[in-house]
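Student: This is the structure, below, for whatever I ask next.
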Protein chains: 2
Amino acid sequence: MTVYNFSAGPAVLPKPVLEKAQAELVNYQGSEMSVMEMSHRSSLFDNIIKEAEKLLREIMGIPDNYKVLFLQGGASLQFSMIPLNLAVGKKALYVNTGAWAKKAISAAKAIDGVEVEVIASSEDKNFTYVPEITKDMVDQEAAYVHITTNETIGGISYQTIPDVGDVPIVADMSSNILANNYKVEDFGLIYAGAQKNIGPSGLTVVIIREDLLNKEPIFSPMLDFAVQAANDSLYNTPPTYAIYIAKLVFEWIQELGGLQEIVKRDQEKAALLYDAIDASNLFISPVDKNYRSLTNIPFVTGDEELDKKFNQEALAQGFQNLKGHRSVGGMRASLYNAFPKEGVEELVAFMKKFEDENGEK
Amino acid sequence: MTVYNFSAGPAVLPKPVLEKAQAELVNYQGSEMSVMEMSHRSSLFDNIIKEAEKLLREIMGIPDNYKVLFLQGGASLQFSMIPLNLAVGKKALYVNTGAWAKKAISAAKAIDGVEVEVIASSEDKNFTYVPEITKDMVDQEAAYVHITTNETIGGISYQTIPDVGDVPIVADMSSNILANNYKVEDFGLIYAGAQKNIGPSGLTVVIIREDLLNKEPIFSPMLDFAVQAANDSLYNTPPTYAIYIAKLVFEWIQELGGLQEIVKRDQEKAALLYDAIDASNLFISPVDKNYRSLTNIPFVTGDEELDKKFNQEALAQGFQNLKGHRSVGGMRASLYNAFPKEGVEELVAFMKKFEDENGEK
């Protein structure tokens, strides 16, 4: 049985990447060592981390005045590190678009000396849209405006990045990094857990404009962006194997034709599923059409029992991890870069069959 | 050419572990998924993390009143987390035995509200021994006594754990965890970066006695032992692949006969090298014989040029990462659990040959 893995993260990785990792696992390029066994100070690993950074810079078009950091702790640690580094003694502005934005807001509020203000929210419509942000809503003295470019659970995403004046935008891009047309120069700081579009869990990518690096040291060097940047992410031992896999994923993107080609494919895959939902009399997308995510697509029948039946039958057909997040129910298809188009086609066919068998006549 | 990897970490892993990981990399146990692609909330991964914990408990004899946490950030993040969680408003006692102890001390001093006191140091003899700690040196009101059970750079280790009364001992065991005869119940908290005796970098194991879990929340859930313990290390996405490799390493230890057998082998390997050094007229161990490390063995000729020549010729023979840490020079052989005995035998033979060619006649 062909298995299609719709997991929201850790998620499907490109098959050629896994096959290359497998071939090299015991003996990396004739070194007689696994990448896992290499000193992080060795020239072999130095090549890997430098190449990973170089490729990511090419793919995303990261300007020279941004640092790329390979850290640990996931977006959840960034929720605390960012206000700690950027906003103590200042105001930090947040946009509330759902579950992950809320976590970022809550973590910022817990940092002493940071004044958190939520300047916009889509809670009034159960987080089914992205609120409009205009420059006049933004205190120009604030440390930053924090947005969540894609809500993994809610399934909404920013189609364009708002103009907020000179205040830097800080973005949790965990679930749609490398799956969007944003420009890095529209952000002051971008962060993302790797386990969706980059590689294995345990690696967090931070892209930070150099002028935003903290001038005052943070109490812990591990939580200090300036220390991590000054040490090229080697202040201590980084997650070396996850960085290696990320490098393979970046190579795979480049071989396919770069970000433009990847996003085109993501759009085609998402359109297949959204079109099927829109054409259906059974399945509904809970999300405002103008803010639909390319990467996380929730849908429901409106009947919890029927959702459950769908999930059970889908699982039996090899559609794994389609069940919606426990907080919202229904179904959710996460279509990250490595998810194959055939998987979407087969899901759509299965949905039609299910609707024929279970929908209203 | 056979390559022997003497790296201090990330370090050599057991060949059978790497081969099993390789065989399963693309398709784990018929799931058609890599472990890297699995949701951390899936039953497949749940089995892996639970089994890893169970095995570690068996191997180390961890009592039921201790929590086992699989975290991120390395020992370096623990240097800050431990005083933050255990010692705010209290006194924290430290023993200074070298480079890593110093880092722990420095990080603790940076935490507001923690009174750091260094109760003993071996700095007077350039950290070549472990100072004696007696109960009367220990303020019984202190939050803990912090020790570094093995100094990776200096090459000294605690042969026995001191009796400090009722004050819990907190130990950085990064470089000799699973390579000692200590009893877990002699510690309040043990922590270790995985990249020496456990698995790949990016995973940190913390073993904490339940009564030491913080009662007051820490500003960041990711830095909060009680939150991590309450969530069984799944507060956010853990480093899933590193945990899987750790599980394979624990299985390998059990298959070899458990910790007792592993330590016996470590002792034999270390004795081979120490005996060769002691019998040599060229090579010297800088360390007091009573505190020699089993896992990190530095040695020198006393002549920097000759050390350099040795390192160059050794590297040409496939002895990788033998060069001593930049802060101390000379040579260092890290003989972790996965390092093969034949590698030590070949090193010893090479040292004899080098001495014949270069030593005083």
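Student: Determine, for each peptide in B:164-171, B:150-157, the mean count of other beta carbons within 10 angstrom over its residues, then list the peptides with the highest first.
Tutor: B:150-157, B:164-171
Student: Distances from A:GLU305 to the same position in the other copies: list them in nm, one decimal, shortest first, using label points 7 Å from Cα along Cα→Cβ.
Tutor: 9.1
Student: I've got another one for you. Please list, ordered by chain and number, the residues whose modelled amide H lies under 5 Å from the amide H of A:ILE169; skip anything fewer than 5 residues away on the same chain.
Tutor: A:VAL145, A:GLY188, A:LEU189
Student: Continuing with the same structure: Mind listing the long-range amide H neighbours of A:VAL118? Cut-off is under 5 Å, sequence gap 5 or more, other chains count too, H placed in the peptide plane at 1.01 Å from N.
Tutor: Under 5 Å from the amide H of A:VAL118: A:TYR94.
Student: Turning to a different aspect of this structure: Any idea what the dipole of the protein assembly as shown comes to, in debye rounded to 20, about its Cα centre with Lys/Arg Cβ at +1 and Asp/Glu Cβ at -1?
Tutor: Computed charge dipole of the protein assembly as shown: roughly 320 debye.
Student: A further question follows. If you take the accessible area of A alone, add that of B alone, and subtract the area of the pair, what total do you get in Å², probe 1.4 Å, to the nearest 100?
Tutor: Details: alone 16190 and 16200 Å², together 27990 Å².
Buried: approximately 4400 Å² between B and A.
Student: What's the carbon and sulfur percent of the stretch B:192-315's accessible surface, probe 1.4 angstrom, rounded to a whole number? Could you put the intermediate results ahead of the total?
Tutor: Numbers: 2260 of 4690 Å².
Heavy-atom surface of the stretch B:192-315 belonging to carbon and sulfur, 1.4 Å probe: 48 percent.
Student: Give the nm distances, rounded to one decimal, from B:ASP112 to the matching residue in every other copy, measuring between label points 7 Å along Cα toward the beta carbon; shortest first.
Tutor: 0.2
Student: Testing the spin-label approximation: label points 7 Å from Cα along Cα→Cβ at B:SER106 and A:GLU123. State their distance in nm.
Tutor: Using points 7 Å along Cα→Cβ, the separation is 4.3 nm.
Student: At 7 angstrom along the Cα-to-beta-carbon line, where would the label on B:LYS264 sit relative to the other copies? Give the distances in nm, shortest first.
Tutor: For B:LYS264, the inter-copy label distances come out at 6.5 nm.
Student: Does chain B classify as rounded, prolate or oblate by the C-alpha gyration tensor (a ≥ b ≥ c root eigenvalues; a/c under 1.5 gives rounded; else a/b over b/c gives prolate, otherwise oblate)?
Tutor: On the way: a/c = 2.11, a/b = 1.20, b/c = 1.75.
Note, shape of chain B comes out oblate.
Student: Note the full-extension length gain between B:THR134 and B:GLU185 as 0.36 nm times their separation in residues minus their Cα-Cα distance, in nm to one decimal.
Tutor: Separation in residues times 0.36 nm, less the Cα-Cα distance, equals 16.5 nm.
Student: Roughly how much of B:LEU273 is accessible, in Å² to the nearest 10, using a 1.4 Å probe?
Tutor: The accessible area of B:LEU273 comes to roughly 0 Å².
Student: Here is a further query. Counting only protein heavy atoms, probe 1.4 Å: which residues of the stretch A:25-47 lose 40 Å² or more of accessible surface in the full assembly compared with their chain by itself?
Tutor: Buried by 40 Å² or more upon assembly, which counts only protein chains, are A:LEU25, A:VAL26, A:GLU32, A:MET33, A:MET36, A:GLU37, A:SER39.
Student: Next question. Provide the per-residue ³J(HN,Hα) series for the stretch B:88-105, in order, calculated from phi with Karplus coefficients 6.51, -1.76, 1.60 and θ = phi - 60°, each as a whole number of Hz, with x at glycine and proline positions.
Tutor: Values per residue, Gly and Pro as x: 5, x, 10, 9, 10, 9, 10, 10, 9, 10, x, 4, 6, 4, 4, 5, 5, 5 Hz.
Student: For an R0 of 56 angstrom, estimate the FRET efficiency from the Cβ-Cβ distance between A:GLU19 and A:ASN290 and round to the nearest 0.05.
Tutor: After rounding to 0.05, the efficiency reads 0.90.
Student: Counting only protein heavy atoms and a 1.4 Å probe, tell me what percentage of the stretch B:37-92's accessible area is made up of carbon and sulfur.
Tutor: C and S fraction of accessible area: 49 percent.
Student: List the pairs from A:LYS15/A:LYS109; A:LYS102/A:LYS323; A:LYS196/A:LYS289; B:LYS102/B:LYS352; A:LYS67/A:LYS135 whose alpha-carbon separation is above 31 Å, in the order I gave them.
Tutor: A:LYS15/A:LYS109; B:LYS102/B:LYS352
Student: I would also like to ask the following. Across the stretch A:194-199, in residue order, what do the Karplus-derived ³J(HN,Hα) couplings come to in whole Hz, using 6.51 cos²θ - 1.76 cosθ + 1.60 with θ = phi - 60° and x for Gly and Pro?
Tutor: Those phi angles translate into 6, 6, 10, 10, 10, x Hz.
Student: Then there's this: May I ask for the distance between the Cα centers of the stretch B:294-323 and the stretch B:1-49, given as a whole number of Å?
Tutor: 31
Student: Then there is this: Along the Cα-to-Cβ line of A:VAL3, 7 Å from the Cα, sits a label point; which residues in the stretch A:291-315 have backbone N less than 14 Å from it?
Tutor: Of the residues in the stretch A:291-315, A:315 have backbone N under 14 Å from the label point off A:VAL3.
Student: Take every DSSP beta bridge whose two residues both sit in chain A, then give the antiparallel share in percent to the nearest 5. Don't skip to the end; give the middle numbers.
Tutor: Working: 19 of 37 bridges.
Percent antiparallel among DSSP bridges in chain A is about 50.
Student: So what is the relative contact order of chain A, in percent, for Cα pairs below 8 Å that sit 6 or more residues apart?
Tutor: Relative contact order, chain A: 23 percent.
Student: Something else: Suppose R0 equals 22 Å. What FRET efficiency, 1/(1 + (r/R0)^6) with r the Cβ-Cβ distance, do B:LEU272 and B:GLN159 give to the nearest 0.05? Write out the running numbers ahead of the final one.
Tutor: Values: r = 19 Å, r/R0 = 0.86.
It comes to 0.70.
Student: Moving to a separate point now. Pull out the extension gain between A:ARG41 and A:GLU216, defined as 0.36 nm times the separation in residues minus the alpha carbon to alpha carbon distance; nm, one decimal.
Tutor: 60.3 nm
Student: Which FRET efficiency value, to the nearest 0.05, is calculated for A:GLN312 and A:GLU345 with the Förster distance at 25 angstrom and r the Cβ-Cβ distance?
Tutor: Computed FRET efficiency for A:GLN312 and A:GLU345 comes out at 0.70.
Student: Now a separate question. Starting from the 7 Å offset along Cα-to-Cβ, what nm value, one decimal, do you get for the label separation of A:GLU304 and A:GLU58?
Tutor: 5.2
Student: Apply the Karplus curve 6.51 cos²θ - 1.76 cosθ + 1.60, θ = phi - 60°, to the phi angles in the stretch A:285-300 and return the couplings in whole Hz, x for Gly and Pro.
Tutor: 8, x, 9, 4, 4, 6, 10, 5, 6, 7, 9, 10, 10, x, 8, 9
Student: Also, quick follow-up: By accessible area of protein heavy atoms, probe 1.4 Å, what ranking do B:LEU306, A:LEU178 get, highest first?
Tutor: Details: B:LEU306 30, A:LEU178 5 Å².
Output order, biggest surface exposure first: B:LEU306, A:LEU178.
Student: Give me, ordered by chain and number, the residues 5 or more places off B:LEU25 or on other chains with an amide H under 5 Å from its own placed amide H.
Tutor: none
Student: For the stretch B:258-358, build the charge dipole from Cβ charges (+1 Lys, Arg; -1 Asp, Glu) around the Cα centre, then report which of B:VAL328, B:LEU315, B:ILE284 sits farthest towards its positive end.
Tutor: B:VAL328
Student: Rounded if a/c is under 1.5, else prolate if a/b beats b/c, else oblate: with a ≥ b ≥ c from the C-alpha gyration tensor eigenvalues square-rooted, which is the stretch B:101-152?
Tutor: Since a/c reaches 1.5 but b/c is at least a/b, the shape of the stretch B:101-152 is classed as oblate.
Student: In Å², what does the accessible area per residue of the protein assembly as shown work out to with a 1.4 Å probe?
Tutor: 39
The values are calculated or read from the model by the stated rules, or taken from the named source; none is laboratory data. Owing to the predicted nature of the structure, the values given are computational and were not obtained by experimental measurement. FYI the Cβ positions are ideal-geometry reconstructions off the backbone, even for glycines, and counts take in every protein chain you see. When the accessible area is computed, the model is the full protein with side chains, heavy atoms only, and any ligands, DNA or RNA have been set aside. Shrake-Rupley method; radii C 1.70, N 1.55, O 1.52, S 1.80 Å.
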